[in-house]
C-alpha cells in the first residue's frame, strides 16, 4: 500500500493532520503506536483514540488504521495500569 493511501486512511479515521507524519513514520517502522511517555502523550492518545474509534467500522480489525487503533488502546491501558 502506498504512503499516500495510508495518509488518506488515517485522516479519514480522524487522525489530526499535524500528527499524521510522525504517527505514520513510527507506524511504518514499528507497526504500532508509539509509547506513551508523559501525561501530555496520554491525553493526546486518549483524544485521538476517541475520534478514531468513533469513525472506524465496527468489524474492522485488520486494516492499518484498525491495527494502529488497537495498539494505541493497548498503550493507553499500559499507561493507566502504570499510573495506578
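Could you tell me how many degrees, from 0 to 90 and to the nearest 10, lie between the Cα long axis of helix 64-83 and the main elongation axis, the longest principal axis, of the Cα atoms of the chain?
10
Quick one: if you stick a label point 7 Å off each Cα along the C-beta vector at residue 37 and residue 3, how many nm between them?
Placing both labels 7 Å along Cα→Cβ, they lie 2.3 nm apart.
Using Cα atoms only, what is the angle between the long axis of helix 39-55 and the major principal axis of the chain, expressed in degrees (0 to 90) to the nearest 10?
40
Given 0.36 nm per residue, what is the gain on full extension from residue 30 to residue 47 after removing their alpha carbon distance, in nm?
Using 0.36 nm per residue and subtracting the Cα-Cα distance, I get 4.0 nm.
So I have [x] 12.2, 40; [y] 12.8, 39; [z] 12.3, 43, and one of them is Rg and Dmax of the Cα atoms in Å calculated from this model. Which one is it?
So the calculated entry is the one marked [x].
Hey, in the GNM for the chain with a 10 angstrom Cα cutoff, which one of 29, 12, 54 fluctuates hardest?
Greatest mean-square fluctuation among the candidates belongs to 29.
Read-outs: derived from the displayed coordinates by stated rules, not from any lab. Here the structure is a predicted model, which means the values were calculated and not measured. Heads up, the Cβs are rebuilt from the backbone with ideal geometry, glycines too, and the neighbour counts pull from every protein chain shown.
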